[in-house]
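A quick write-up on the structure given underneath.
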Amino acid sequence: MRRVVVTGMGIVSPLGNTPEEFFHALIEKKSGVRRITAFDASRLAAPIAAEAAFNATEHLSAKELDLYDRFAQMAVVASRAALRDSGFVPRDAERARFGVYLGSAYGGAVTYDASYYALYGQGNDRLHPLSIPRLMHNASTSAVATDAGAQGPSLLISTACASSAHAIGEALHAIRSGRADRILAGGSDAPVTLPVMLCWQAMRVLAAPSNGNASSACRPFSADRCGLVVGEGAGILVLEEYEAARARGAHIYVEVAGYGATSDAAHITHPSVAGPAEAMRLALADAKLPAESIGYINAHGTGTKVNDAVETRAIREAIGSAAESVPVTSTKALHGHLMGAAGAVELIAAILALANGVIPPTAHYTAADPECNLDYVPGDARETKAQAALSNSFAFGGLNASLAVRKV
């Protein structure tokens, strides 16, 4: 079976737009959660989000700015960075085996908002002529494929919060099976708009500032956790067939060794224990890794009462006694919930933890919850000799993904 490795990474996030800047912020517990600046948020009970520090005009041409919604703009910029990091410049003969697998939960949310406001708020019957290519979910995949010259298998996966994790897992299978040699895989989302935020507010799962402090609003696994913080960003990885990467002398971060995907087939918003646990077991089996070999789990860890307790139980069910000693952290405490980009950005965090020998802490953890009884690395970052890690993404609709990576 063909092995698949990561040779490049690019990121746009609330914590910075390089992997190094992003990971440094995680280690130093620098929060990207703050008061919303993208629009007048006075109608929100908690007017906070994790907005990306991203000015598209610094990276894209006027034509690209007009053609691409914010979520696609971020995907293009992150993919360019990932390719630069990998050193891969496709030759004509390689383009047919070079693909793009991306995820997005919301597609062109900014364009939807602007279009409906023009239509209903302003009574304008003439909308932007590029509205359809801007708002369609596959706009990010098409934009990245065009920008990178990738003519191989390319697709967009939309499975809510697990979108980019599923995209990476399916890209793994595509390269393993021989359908492609290299794939830009990951995802992007830009959901910080008034309609999307009001929809989340209606579900009563948004975190509120703690003592007026927005930066510590998201407190995964802590007894005083009160909800999630919506964020935006993009995470793109260059996945490459191992021998091809070695042949060109590429730097290899990790091997993407396993992927598990399941469906709860139960409640649309309330997660199950069985589905996530099975996704983790499948990822470990696919990677041929014993549970005891996992030295770090980057949890889905949204900071909601239900999700964190259920994920804790799922981890215990999936890896048994190994759960007593494995460090489990949620980086969402600092960068928020990046929705369709979450799986890719959090996998980058797990990869950098292995590469740097440092596990980022679960920030803002203040008190133990009896229902969340694992090692969540409270306090400061922790040195590690971990050789393998899991990254979890569990979506509304009961769609679950778990990715296993290991050092090469």
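A short reminder: the numbers here are calculations on the coordinates, not readings from a lab. As the structure is a computational prediction, the values presented were derived from the model and not from experiment. A quick note on method: Cβ atoms are made from the backbone with ideal geometry, for glycine too, and the neighbour counts reach across all protein chains shown.
Quick notes
- Taking Lys and Arg as +1 and Asp and Glu as -1, the other residues whose beta-carbon sits under 10 Å from that of Phe98 total +1.
- Listed pairs Lys29/Lys305; Lys29/Lys385; Lys288/Lys385; Lys30/Lys305; Lys305/Lys385 exceeding 25 Å between Cα atoms: Lys305/Lys385
- Length added when fully stretched, Lys30-Ser210, from 0.36 nm per residue minus Cα-Cα: 63.2 nm
- On full extension, the segment bounded by Met1 and Arg91 gains 29.9 nm, given 0.36 nm per residue less the C-alpha separation.
- Spin-label model, Thr269/Ser61: points 7 Å from Cα along the beta carbon direction are separated by 4.5 nm.
- Taking 7 Å steps out from each Cα toward its Cβ at Glu317 and Glu20 produces label points 4.3 nm apart.
- Residue-span extension gain [Lys385 to Ser325] - 0.36 nm each, minus C-alpha spacing: 20.2 nm
- Here is what passes the span test in the chain: the DSSP H helices with alpha carbon length of 18 Å or more along the helix axis and a Kyte-Doolittle mean of -0.5 or above are 70-86, 163-176, 274-287, 305-319, 342-356.
- Computed from the Cβ-Cβ distance with R0 of 41 Å, the FRET efficiency linking Ala367 to Lys288 stands at 0.60.
- Other residues lying with their Cβ under 14 Å from the Cβ of Gly227 contribute a combined charge of +3, Lys and Arg counting +1, Asp and Glu -1.
- Over all other residues within a Cβ to Cβ distance under 15 Å of Glu311, the charged ones net out to -1, with Lys and Arg as +1 and Asp and Glu as -1.
- Counting only Cα atoms, the size of segment 259-406 along its three principal axes is 39, 36, 30 Å, in decreasing order.
- For the peptides 69-82, 108-121, 346-359, residues were scored by their other Cβ atoms within 10 Å and the scores averaged per peptide; the highest-first order is 69-82, 346-359, 108-121.
- FRET efficiency estimate (nearest 0.05) - Cβ-Cβ, Tyr116 to His173, R0 35 angstrom: 0.40
- Under 5 Å from the amide H of Ala217 lie the amide H atoms of Ser210, each residue being 5 or more positions distant or on a separate chain, with H modelled from the backbone and absent for Pro and chain starts.
- Projecting label points 7 angstrom from Cα along Cα→Cβ for Ala38 and Ala355 puts them 2.7 nm apart.
- Percent antiparallel among DSSP beta bridges (both partners in the chain, rounded to 5): 70 percent
- Cα radius of gyration and Dmax for the chain (Å): 19.8, 62
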